[in-house]
Each structure stands twice: as C-alpha cells, then as structure tokens.
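Please treat every number below as a calculation from the coordinates, not as lab data. Bear in mind that the values here come from a model prediction, so they are computed numbers and not experimental data. Reconstructed Cβ throughout: ideal geometry from the backbone, glycine too, with neighbour counts over all protein chains shown.
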Amino acid sequence: MDPHPDPAGTPVSPKADRVENTGPPCDLYRLAAPIYDACTTLWSGRAIWRSRRCQIENMAPGSRALYAGGGQGRAAIVAARSGVRVTYVDRSPAMIRIARKLAKRQAVSMDFVQADLMDWQPDVPFDHVVANHFLNVFAPPAMRAMRNRLSSFLGDAGAMHVADFRPLVGSRLLRALQRLHHIIPLSGCAALTRNAMHPIYDHGLEMERLGWTPVRIQDHRIWGLGPGWYRTWQFERMRQMVDGSDLPPRSARIGRRKTS
C-alpha cells in the first residue's frame, strides 16, 4: 500500500504513526484512562462497544475518519484495520499513550493528535466524524458548540456518527431507571475528570433542527438482553429535493432503525 496524505497534508507511512502535540499540560483523565474501557464494558454490558463497532460497516476503505475524543482508541483501531484513514484526536496524554500501545500491538497505522478540538483545525475535510460518548462530557452550551465544531470538519457529503445514551423512553418508572443508569457513571466521571452533569441529550432531535437527517439509528441492549438504553446515530446533511419542493415528512426521512 502506498503512503497516503493525512488530513494535515503530511505523507504518512502505513507502518508508522505520527503524534502531534498541541494539547494542554494538565491531564484530567490520567486516573480514568487505564480503567475507562473496563468500566464502560461492565456498566453497559458491552452495549457501548457495540454502539461504536457498528459504525464502521458504513465507512468505506480509503475514506477519512476523525475520531473525536477517541479514548483508548479501540473503535478507531478497528476502523483503521478495515482500511479507513483514521485521525484520532484527544486532549488526554494518558488516553493517547494507551491508544498508541494498542495500535502498535496490532500493527495499525493512524494519526494521533493531542489537542483541544475547539482549537485544532484539519487542513482537509473528513468523510466521517465520530463522536462516541464524547459529547456526553460537556454541559449543554459547550456540547452544542463542540457538536457544531465537529460538523464543520466534514465535507458536503460527509457523515456525522454519534454514539451515546438513548433519549428517555417508556413508562415513568422506566424513565426513572434510565435516568439513574445515566447519572451514576456521569457522577463518577465528574468526580474523576470534572465532566459536566446534565440530562440525557437527544442528539437526533437537535441535529434534525440543525438540518441533519438521521439516515441510520441503532439501539443497543445491556448484555444483549436488557433495555436498549444506548444509541448510535448516523447523520447526513438534509438536501432540498431537485424540483425545489419541501422536504418529505420526518417519518420518510429517517433511515434504518434496529436494536442489537
């Protein structure tokens, strides 16, 4: 395979990765980084992993993908092994060290950037931007600013992938249990990393209001049997019909919806 230009325009060898350091010196994730994936696996019954893994089947080999706040990097590594040209950006040096070790162990090439995504800017647009439980760390105003920032990194035909907690569903009792399932890990993260406390976000509703179509929605059950409280969305920009008429009804615009 020939070396390919990365989103910063620099040639990258398929047998080596590059680390760009533009991040802050303080690492709030130094304690959480080593246990992050283990905790999310146990708490979600592997639903969080499935919510991330399913995105990759819609990424063509050779396409460019940004993994925002990529954590331990497992999903990004799977994408890279599938032929996707991955740029992983995280502000945590501890997370990047873990992700680099995993990538090296599996002989996977990807670009690593330590940076705050509100300050970092790619030189070329991406085909995919992936935010896996990344928007969940922000309070509502900061989350919306970050979401808009990430969407600006996409080309016109690009796709925005979001994996997060599913919006509230069911009876009053089920909603209360779902809120509790969300608030417990959020409180733990707030204690360790100073993440924000907030309600469950409805990314689907908010993205539609901003002119994005959810072309794929998939819910994921705890241990494959419990409630489907985790969701994956794939969004694309809405396009007016060629004849200039209004967009079709919402029910006709939403793409595939399934539960795993």
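Assorted remarks:
- Share of alpha-carbon pairs per 5 Å distance bin for the range 147-206, given as whole %: 4, 15, 19, 18, 18, 13, 8, 5, 0
- With an a/c value of 1.5 or above and a/b not larger than b/c for the gyration tensor axes a ≥ b ≥ c computed over the alpha-carbon atoms, the range 91-130 is described as oblate.
- Backbone phi angles across the range 95-100, fed through the Karplus curve with coefficients 6.51, -1.76 and 1.60 (θ = phi - 60°), yield HN-Hα couplings of 5, 5, 4, 5, 4, 5 Hz in residue order; Gly and Pro are listed as x.
- Highest average packing first - 80-86, 38-44, 56-62, Cβ atoms within 10 Å: 80-86, 38-44, 56-62
- Averaging the Cα positions of each part gives two centres, and for the range 55-114 and the range 163-242 these lie 23 Å apart.
- Cα gyration tensor shape of the range 37-173, rounded if a/c is under 1.5, else prolate or oblate by comparing a/b with b/c: rounded
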